[in-house]
Structures are given as structure tokens and as C-alpha cells.
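Visitor: Here it is: the structure, laid out below.
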Amino acid sequence: LNDAGVRVRLAGNDTLYVAGTSEVGPGDYDIVLIKYTSGGDTLWTRRFDGAGTGVDQLVDLEIDDAGNIYLWATIVTSGATSHSAVLKYNPAGDTLWMRTDGPNLNPRDMEIGTDGSIYVTGEGTPPGALFSDWGIMKFSPGGDSLGFRWLLNGTFPVGFQTPRALSAGPDGGLLACG
């Protein structure tokens with residue numbers, strides 16, 4: 001079986017989180033999240049399997065100041081249909097919520113703002129547009145959708161609208177680059 005680590009984060013309490021994709025059968029992959037002690041012992045392992053059969057793929061992992069874990073991923077929602085999703089776990093590894101709100105994006109990056117809001121960015125095609133565009137979604141720490149915005153409304157040729165990174169500033173501003 002094929003397993004791939006995608007992101008590693010060190011939490012403030014000297015615990016380490018590793019997240020990635022794990023093969024469970026031919027052509028079927030789940031997202032896996034593992035919490036380790038600073039000494040390398042496994043505290044817990046969580047798997048996420050979308051409703052359909054296919055590749056559930058992790059893109060990013062972030063940890064907020066309270067130790068909650070956020071995953072930004074592409075999941076198979078039914079049959080072979082995939083959708084972008086944000087998942088939130090508490091420090092004990094319990095799933096708090098999952099959101100697939102907004103348009104389907106090819107996930108690229110995630111950032112937690114100074115107010116605890118979760119920002120995700122990805123590439124998609126706005127309704128009626130000819131070209132791909134950057135999309136940015138914002139969620140509250142409780143999982144409520146706080147907005148979505150296409151940055152360029154699909155007005156530039158393909159290839160120029162691929163977001164790569166987000167960064168939240170101390171003033172609450174958001175910087176995106178690609």
C-alpha cells in the first residue's frame with residue numbers, strides 16, 4: 001500500500017501532527033492525521049474517508065492557538081465526484097465539523113487569521129467564466145461560512161490564476177500570492 005505524508009506541524013505543547021494520504025485499496029485513498037508526543041510515541045491516529053470511492057487528498061494542515069487541527073483537502077463525496085472540504089478536529093482527535101460550502105476549488109493553501117477565522121484558497125472557474133480564477137473562502141472557528149470571493153472573475157487566460165500561498169497579517173489583513 002502507498003502512504004504519503006503531506007504536512008507536518010509542531011503544536012505549542014510539543015506534540016507533532018503528521019497528515020497525508022493513505023491507500024486503503026486499489027485506487028482508494030483516505031486522509032490520515034497522526035498525533036505524536038515529542039518523544040515520537042503515537043497518541044492517536046484518525047482517518048477520513050469521503051462518501052465515495054477514490055482519492056481523498058490532503059493539501060494543508062494548520063493548528064490554531066487552542067490546539068484545534070484544520071485540514072484543507074479534496075474529498076470524494078459520492079461515486080467519483082470530488083469536492084474541496086475543510087475539516088476541524090479538537091486536540092483529542094474528535095471531529096468537530098466538516099464544511100464543503102462554496103464552489104468546488106482545487107485546494108492550494110489555508111491560513112488561520114489573528115481572530116481565529118479560517119481562510120482557504122484554491123483554483124476554480126467562476127460561473128459563466130472562460131478561465132480559471134482564485135477563490136478565497138472564510139469560515140468562523142465554529143464552522144460558519146463567512147464569505148467567498150473570486151479575485152479576478154475569470155478574466156485572465158488559464159495559467160495565471162493559480163494561488164500558491166496565503167498569509168494573515170497582525171492587522172487582520174490577508175495576503176495571497178501565486
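Visitor: Considering only residues that are farther than 18 Å from residue 87 by Cβ and either within 20 Å of the chain's Cα centre (by Cα) or surrounded by 12 or more Cβ atoms within 10 Å (Cβ to Cβ) (or both), which ones fall in the range 14-27?
Guide: We begin by selecting, within the range 14-27, every residue farther than 18 Å from residue 87 by Cβ; these are 14-16, 23, 25-27.
Once the filter is applied, which keeps residues that are farther than 18 Å from residue 87 by Cβ and either within 20 Å of the chain's Cα centre (by Cα) or surrounded by 12 or more Cβ atoms within 10 Å (Cβ to Cβ) (or both), the range 14-27 yields 15, 16, 23.
Visitor: Still on this structure, I have one more. Name every residue in the range 95-139 that is charged (D, E, K, R) and either more than 18 Å from residue 65 (Cβ to Cβ) or without any contact (Cβ under 8 Å) to a residue 60 or more places away in the chain (or both), in order of residue number. Talk me through it step by step, then tell me what you get.
Guide: Residues of the range 95-139 that are charged (D, E, K, R), as a first pass: 99, 101, 108-109, 111, 115, 123, 133, 138.
Across the range 95-139, the qualifying residues are 99, 101, 108, 109, 115, 123, 133, 138.
Visitor: Before we move on, is residue 115 acidic (Asp, Glu), under 22 Å from residue 176 (Cα atoms) and open to solvent by less than 30 Å² (accessible area, probe 1.4 Å)? Write out each step before concluding.
Guide: Working: acidic (Asp, Glu): yes; under 22 Å from residue 176 (Cα atoms): yes; open to solvent by less than 30 Å² (accessible area, probe 1.4 Å): no.
The answer is no for residue 115.
Visitor: For the range 16-42, which residues satisfy the criterion of being more than 15 Å from residue 4 (Cα to Cα) and in contact (Cβ under 8 Å) with a residue 40 or more places away in the chain?
Guide: 35
Visitor: Can you name the condition, by its number, that residue 110 falls short on among (1) at pLDDT 85 or above; (2) in contact with a Gly (Cβ under 8 Å, 6 or more places away or on another chain)?
Guide: Unmet for residue 110, out of (1) at pLDDT 85 or above; (2) in contact with a Gly (Cβ under 8 Å, 6 or more places away or on another chain): (2).
Visitor: Any idea which of 67, 93, 40, 52 is more than 16 Å from residue 138 (Cβ to Cβ) and either assigned to a strand (DSSP E or B) or open to solvent by 20 Å² or more (accessible area, probe 1.4 Å) (or both)?
Guide: 40
Visitor: Within the range 162-173, which residues are of a type outside the set (Gly, Ala, Ser), more than 16 Å from residue 64 (Cβ to Cβ) and open to solvent by 30 Å² or more (accessible area, probe 1.4 Å)? Can you show your working first?
Guide: To start, the set of residues in the range 162-173 that are of a type outside the set (Gly, Ala, Ser) comprises 162-164, 166, 170-171.
Now drop any that are not more than 16 Å from residue 64 (Cβ to Cβ), which leaves 162-164, 171.
Passing the criteria: 164, 171.
The values are calculated or read from the model by the stated rules, or taken from the named source; none is laboratory data. Bear in mind the structure is a predicted one, so any value in this text is a computation, not a measurement. Using ideal geometry, Cβ is built from the backbone for each residue, glycine included, and neighbour counts are taken over all protein chains shown. Just so you know, the surface numbers come from the protein's heavy atoms only, side chains and all, with ligands and any DNA or RNA stripped out. Shrake-Rupley method; radii C 1.70, N 1.55, O 1.52, S 1.80 Å.
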